[in-house]
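Accompanying notes for the structure given below.
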Amino acid sequence: MQETNSSGIILAGMQSSSGKTALTCMVLATLQQRGIPVQSFKVGPDFIDPGYHSVYARCPSINLDSWLMGKQRVLQAVARFGTGSLSVLEGVMGLFDGASPISEEGSTMELARWLNWPIILVVPCRKTGRSVVAAVRGFIEEAGAGKIAGILLNQVNGDGHTHYLRQALAPLSLPLLGAIPYTDLLEWPERHLGLQASAEQALPHPTELAKLGESILDVDALVQLAKWGRTNKAIQVDHALQPAKTAAQQSPRRRIGIARDEAFHFYYQANLDFLQNAGWELVPFSPLHDSQLPSNLHGLIFGGGFPEVFAQQLADNVSLRSAIAQSIQNGMPCYAECGGLMLLTESLITQEGTAYPMCGVIPGHVQMTARLQNFGYCWCRPPAYALPHLSNMALTWRGHEFHYSYWSAESERANLWQVTKKSRQTTRWEGYTKGRLHASYVHLYFPSASELFVELFGESATLYQD
């Protein structure tokens, strides 16, 4: 175990859709404009919000998921990416929401206790009055003394409303670090239960967002709360969880094609780092824009995304769909998650009933739905035939699902693994495997499922070591 210093703040909400992501981006842009190096983090398994962070932090945003990763992997990620920067961690849903209805497991609050960073509570204020004081007081008491260090009032209705709320909240003795009025600059469109992908829209320029931040935030107070430039409480890091460094990193043994474009961009940075540190070279390609796969590939990876938004364009790209299908049918190892599974089925059917042909290597079609089909954390247990070389091992991996579609053949053809939902302990067969194809709706944290990727893409000399 070794200690490392870390400096950061946490922007946490009272609920979902409270404006955390837009305010986090404004804080990142403002700090960047001041010349302060920043590192953004996101609590939980979310793929969308980190994409926004990266635009304004000018570096990849890192997911911190206590349920998927465990404490030591979380602390190792903070030490690796956050050291030397002022870290800004955006919470998930409300401060106490996470993997359990009766504990802080998987919540922003759990991470706040692990990291010992101050919490800035984002308070949605549209149509609120003095009653908001009772809600904020409840958050303070539940968090415990000294944990919530300040408040950001979001979407206030002008100076009069701000003055009223400032007076109402004064007895709580918490610093008011900013009152953000309603502005189109921070109104970003949503899809499903979160924002639309950042790649699908024109975002405010960082300079514009920084100018707004300087005008309405107490930036000096935020920097002081983060203890930037001063010694912060040291974080204990177990370096046995870091990747071993060998010559494999300089001379990748295998080239893995990875789908990356507007339709497929759900990738945790930790997963990409894991693959590269394991000695595999990631070769990006676009199912939307490329007519052929890159040359000399040893495998394929399709992450999640929104293929339904680009269904027509994917269907029109006949040459690449054919190349993908031919490669998989010829035995090329392939790992596909969620949107990747959708691409590999016979067809994708929109909510309006229009069917678009896909790659056709998975039997059946995918039907888009108006309601969420599966959501939340889960355990995945593969049968012996799915990973024959590991059949003597009792393997169970943690994952996460979130999808507004269903695979029509799941009840008859699902054969990849048994998935048990954490929230209700219900189990079903899910995903599809044939030959070297591994396709599922479940998103995995790759470093904790290293056996799967060694099995699929061939053993490498370098792996994350537990």
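What does the charge count near residue 285 come to, summing +1 for each Lys or Arg and -1 for each Asp or Glu among other residues with Cβ under 10 Å from its Cβ? After counting each charged neighbour, the total is -1. In the structure shown, the pairs 42/127; 20/227; 20/147; 147/422; 127/147; 71/421 are assessed against 23 Å; a Cα-Cα span above that value is assigned to 42/127; 147/422; 127/147.
In plain terms, the chain from residue 184 to residue 370 could stretch by 64.2 nm, reckoned as 0.36 nm per residue minus the Cα-Cα distance.
With the simple model of a label 7 Å out from the Cα in the direction of the Cβ, residue 312 to residue 173 spans 6.2 nm.
At 20 °C and a viscosity of 1.002 mPa s, what translational diffusion coefficient does Stokes-Einstein give for the stretch 2-239, taking Rh as the Kirkwood radius over Cα pairs? Give it in µm²/s as a whole number. After rounding, the answer is 121 µm²/s. How much of the DSSP beta bridge set in the chain is antiparallel, as a percent to the nearest 5? If we restrict to bridges inside the chain, about 40 percent are antiparallel. Using a Förster distance of 30 angstrom, determine the FRET efficiency expected from the C-beta separation of residue 16 and residue 325, and round it to 0.05. With R0 = 30 Å, the Cβ-Cβ based efficiency is 0.20. Between residue 269 and residue 163, the contour length at 0.36 nm per residue exceeds the Cα-Cα span by 33.9 nm. The Rg/Rh ratio for the chain is 0.98, where Rg is the radius of gyration of the alpha carbons and Rh is the Kirkwood radius. Each peptide in 180-187, 274-281 receives the mean, over its residues, of other Cβ atoms within 10 Å, and ordering these scores from highest gives 274-281, 180-187. What does the net charge come to around residue 27 if you take all other residues with beta carbon closer than 15 Å to its beta carbon, with K and R at +1 and D and E at -1? That sum, taken over residues with Cβ under 15 Å, equals -1. Most tightly packed first, judged by the mean number of other beta-carbon atoms within 10 Å of their residues, the peptides 304-316, 339-351 read 339-351, 304-316. Rounded to the nearest whole Hz, the Karplus-based 3J(HN,Hα) values (6.51 cos²θ - 1.76 cosθ + 1.60, θ = phi - 60°) of the stretch 83-93 follow the sequence 4, x, 10, 8, 8, 10, 9, 8, x, 10, 6, with x at glycine and proline. Gain on full extension, evaluated as 0.36 nm per residue between residue 296 and residue 135 minus their Cα-Cα distance, stands at 52.1 nm.
Packing, as the average of other Cβ atoms within 10 Å across residues, places the peptides 167-179, 324-336, 65-77 in the order 65-77, 324-336, 167-179, highest first.
The alpha-carbon atoms of the stretch 243-457, seen along their principal axes, cover 52, 43, 28 angstrom, with the largest extent given first.
Laboratory data are not the source of any read-out in this text; all were calculated from the coordinates shown. Since the model is a prediction, treat every value here as computed from it, not as a measurement. Here the Cβ is made from the backbone with ideal geometry for all residues, glycine too, and neighbour counts use every protein chain on show.
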